[in-house]
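Structure record follows, encoded as structure tokens.
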Amino acid sequence: MSLFYVISKLFTYLILPPGIFILVLFLAAFYAKRFKVVFLFFALCFYLLSNTFVANFLLEPLEKPYNKVLKVQKNADAVIVLGGGIIVGSANLPLTNDAYKRAIYGIMIGKSQNLPVLFSGGGLSKKNRESDAFITCAKELEKPFGVNIIISKNIAIKRFSILVESKSLDTFQNAKFTKGKFQKAGVDKPVIYLVTSAYHMKRAVMLYRHFGFKVIPSATDFKISHKESNIWDYFPKMRAFRHSFVALHEYFGILSLALRHIKN
């Protein structure tokens, strides 16, 4: 490694967030006359949550059970894709990275198995619905990849098509409202490929099973990279902090389901 490379890396990890915040907290703990323990505690917490090893440790129990080759089932009724956010004002591909991976994987499964793909996700804004962004992204695939996107409203027809559920605001409503669409179509116990990010799959499966679905977990958007570790993995990174955040968010979500007696 060249000296310039090392210096640039150190600058990135120590001067830019979250490194600079951790550094300031450690300095405050060293120089402050009061609350030294408090500053040190928050500095340590911030560092651990920004550490790649800790982030992977938190994510692994969520992702590992679903890091498998997809098992195809001939009796499946549909593919359900859960929303993951939009980028309002984007000139193209308006779904977020997580949501776009989910959308692409869901369309891949639906196309290969000739099944309807139901996207579930609305949002607080009526002008910027996530379901509309999904249709936009799906339509953008038509010409370059030769995928004929058929917009449908009947989930009971077993052929490749796109449907949307545009009212849900969270995973509980995803499961509840999609179940309503199947019931209206006369399908009481649907068998579905459930597509969402690997870290989110455990909670999503719990909820969909709670509403009477037979679920084929179809995870994508894996966050853990099983690469060889190096010295830079010990430095704080914003990416690791985000991964720690999504993992903790899922654990709190799973805890909330347990308190509501919703079990896996």
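Points worth noting:
- Residues of the range 181-196 that are hydrophobic (A, V, I, L, M, F, W, C) and touching a residue at least 60 places away in the same chain (Cβ under 8 Å): Phe182, Val187, Val191, Ile192, Leu194, Val195.
- Selection of the range 79-89 for residues being hydrophobic (A, V, I, L, M, F, W, C) and buried (at least 24 other Cβ atoms within 10 Å of the Cβ) yields Val79, Ile80, Val81, Leu82, Ile86.
- Number of the condition not met by Ala76 [criteria: (1) modelled with pLDDT of 95 or more; (2) part of a loop (DSSP other than H, G, I, E, B); (3) surrounded by 21 or more Cβ atoms within 10 Å (Cβ to Cβ)]: (3)
- The residues listed here are Asn67, Asn114; of these, the one that is within 19 Å of Lys153 (Cβ to Cβ), in contact (Cβ under 8 Å) with a residue 12 or more places away in the chain and of a type in the set (S, T, N, Q) is Asn114.
- First in the range 127-145 and within 13 Å of Arg102 (Cα to Cα), second anywhere and in a helix (DSSP H, G or I) and not polar (S, T, N, Q), Cβ under 6 Å, 6 or more apart: Phe134/Ala103; Cys137/Ala103
- From the list Ser218, Ser168, Ser197, Ser229, the one residue that fits, being of a type in the set (Ser, Thr, Tyr) and either surrounded by fewer than 18 Cβ atoms within 10 Å (Cβ to Cβ) or at positive phi (or both), is Ser229.
- Filtering the range 242-264 to residues that are among the aliphatic types (A, V, I, L, M) and in a helix (DSSP H, G or I) leaves Val246, Ala247, Leu248, Ile254, Leu255, Leu257, Ala258, Leu259.
- Filtered residue count, the range 80-101, keeping only those that are under 26 Å from Pro217 (Cβ atoms) and assigned to a loop (DSSP other than H, G, I, E, B): 5
- Taking the listed residues Ala204, Ala219, the one that is over 30 Å from Leu14 (Cβ atoms) and in a helix (DSSP H, G or I) is Ala204, with no other qualifying.
- The residue that is surrounded by the fewest Cβ atoms within 10 Å (Cβ to Cβ), among those in the range 106-154 that are outside any helix (DSSP H, G or I), among the β-branched types (Val, Ile, Thr) and out of contact with any Leu (no Cβ under 6 Å at 6 or more places or on another chain), is Ile151.
Residue by residue, here is whether (1) farther than 24 Å from Lys64 by Cα; (2) of a type in the set (Val, Ile, Thr) holds:
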{"position": "Gly146", "(1), (2)": "yes, no"}
{"position": "Ser168", "(1), (2)": "yes, no"}
{"position": "Lys176", "(1), (2)": "yes, no"}
{"position": "Ala185", "(1), (2)": "yes, no"}
{"position": "Lys223", "(1), (2)": "no, no"}
{"position": "Ser229", "(1), (2)": "no, no"}
{"position": "Asp233", "(1), (2)": "no, no"}
{"position": "Ile254", "(1), (2)": "no, yes"}
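- For the range 180-201, residues that are in a loop (DSSP other than H, G, I, E, B) and among the small types (Gly, Ala, Ser) total 2.
- Unique residue being touching a Ser or Thr at 6+ places or on another chain (Cβ under 6 Å) and at pLDDT below 95 when the list is Ser229, Ser225, Ser166: Ser166
The values are calculated or read from the model by the stated rules, or taken from the named source; none is laboratory data. Everything numeric in this text was worked out from a predicted model, so none of it was measured. Neighbour counts run over all protein chains shown; Cβ positions are idealised from the backbone, glycine included.
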